[in-house]
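Quick notes on the structure that follows.
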Amino acid sequence: MIRDIIIAIDGHSGCGKSTTSRLLAKNLNFKYLDSGAMYRAVTLYFVNKGVSQNDTKKIKDELNNIIIDFKYVEDNQHIFLNDQDVENEIRSDEISNQVSLFSSNSSIRKFLVNKQKTFGINKNIVVEGRDITTVVFPDAEIKVFMTADIQVRAKRRFNEMKSKNPDITYSDVIKNLEDRDIQDSTRKDSPLMVADDAFILNTSDLEINDQVDKIINFISNKFS
Ligand code: DC
């Protein structure tokens, strides 16, 4: 049985990281931490307050007023911002378009990285994000970097989003992914990078269950 490890999963937007991580955690009976949701919740807080991403002083001062928690709502893990369920709000276009800008702020990163580390203290957790294998849990027993061709990623995201937002176009989605790739990989603080010892999983031709199986095989081989 796979036990007492941290599984850290980094990778590009739209390559199935969240679904794969959730399923993996469920299969192994591990906890699951969506670190991107935390950056989205903090972004929502500042957008609601009308604070610009350039106002670094205000951002730093306000962070102490932010409490982020995860709770189960009808079997699904939801994120709570200051006791309010914001699971749906954090996925809006407005937040998707602004989150990379706020997540390049060093005070926000320091605040959230500290919180994420506390979630890993008791291990048995799958954590996904953009700096999890390199900054948050550089000593994680298992590191995975997920990627996929941008057209495949855009198509998946477009199919996911069009029921919620019928006006969205494929070119909007590809533009958003391209912008986020650039912002995530070029930001000064903790850019998205591949850890030296990461298992690189290209999901362009894989279904979700295959992705989960490949990670479980990798873990089993590593510990056999
Ligand atoms: O995984 P996601 O799309 O929900 O992540 C939202 C944004 O948060 C993404 O554009 C980059 C940022 N992020 C980050 O900088 N570090 C993390 N560990 C997770 C997400």
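Using just the Cα positions, wrap segment 181-224 in a convex hull and report its mean projected area in square nanometres, one decimal place.
Computed as one quarter of the Cα hull surface, the answer is 4.3 nm².
For the chain, divide the Cα radius of gyration by the Kirkwood radius and give the resulting Rg/Rh value with two decimals.
0.94
Of the beta bridges DSSP finds with both residues in the chain, what % are antiparallel, to the nearest 5?
Bridges in the chain that DSSP calls antiparallel: roughly 30 percent.
How large is Rg over Rh for segment 11-86, taking Rg from the Cα atoms and Rh as the Kirkwood inverse mean of 1/r across Cα pairs?
Taking Rh as the inverse mean 1/r over Cα pairs, Rg/Rh reads 1.04.
Rank Met193, Met161 by accessible area, highest first, at a 1.4 Å probe radius?
Ranked list, largest accessible area first: Met193, Met161.
What base-10 log of the normalised intensity I(q)/I(0) is obtained for segment 120-224 from the Debye formula, alpha carbons as equal point scatterers, at q = 0.12, 0.18, 0.23 Å⁻¹?
Calculated log10 I(q)/I(0) at the listed q: -0.52, -1.04, -1.30.
If you roll a 1.4 angstrom probe over the protein chains with everything in place, what fraction of the accessible area of segment 169-210 belongs to carbon and sulfur, to the nearest %?
Roughly 52 percent of what the probe reaches on segment 169-210 is carbon or sulfur.
Given Val42, Asn165, Asn65, which one lies farthest toward the positive end of the charge dipole of the chain, if we put +1 on the Cβ of every Lys and Arg and -1 on the Cβ of every Asp and Glu?
Of the listed residues, the answer is Asn65.
Show me, for segment 214-220, the HN-Hα J-couplings you get by feeding each phi into the Karplus relation (A = 6.51, B = -1.76, C = 1.60, θ = phi - 60°), rounded to Hz, glycine and proline as x.
Listing the rounded values in order: 5, 5, 4, 4, 4, 5, 4 Hz.
What does the accessible area per residue of segment 42-102 come to in Å², with a 1.4 Å probe and no ligands, DNA or RNA counted?
With all protein chains present, segment 42-102 gives 59 Å² per residue.
Using alpha carbon centroids, what distance separates segment 28-65 and segment 76-125, in Å?
Answer, in whole Å: 6.
Rounded to the nearest 20 Debye, what is the dipole magnitude of the chain about its Cα centre when Lys and Arg each give +1 and Asp and Glu each give -1 at the C-beta?
Dipole size: approximately 360 debye.
Using θ = phi - 60° and the Karplus curve 6.51 cos²θ - 1.76 cosθ + 1.60, what whole-Hz ³J(HN,Hα) does each residue of segment 47-56 get, with Gly and Pro shown as x?
5, 4, 7, x, 8, 7, 5, 7, 8, 5
Which sequence of Arg130, Arg156, Arg22, Arg180 reflects their accessible areas, 1.4 Å probe, from the largest down?
These residues rank, largest area first, as Arg22, Arg156, Arg130, Arg180.
The values are calculated or read from the model by the stated rules, or taken from the named source; none is laboratory data. This structure is a prediction, so every number in the text was calculated from the model and none was measured. Glycine gets a Cβ as well: all are built from the backbone with ideal geometry, and neighbour counts include every protein chain shown. We work out accessible area using only protein heavy atoms, side chains counted, and drop any ligands, DNA or RNA first. Shrake-Rupley method; radii C 1.70, N 1.55, O 1.52, S 1.80 Å.
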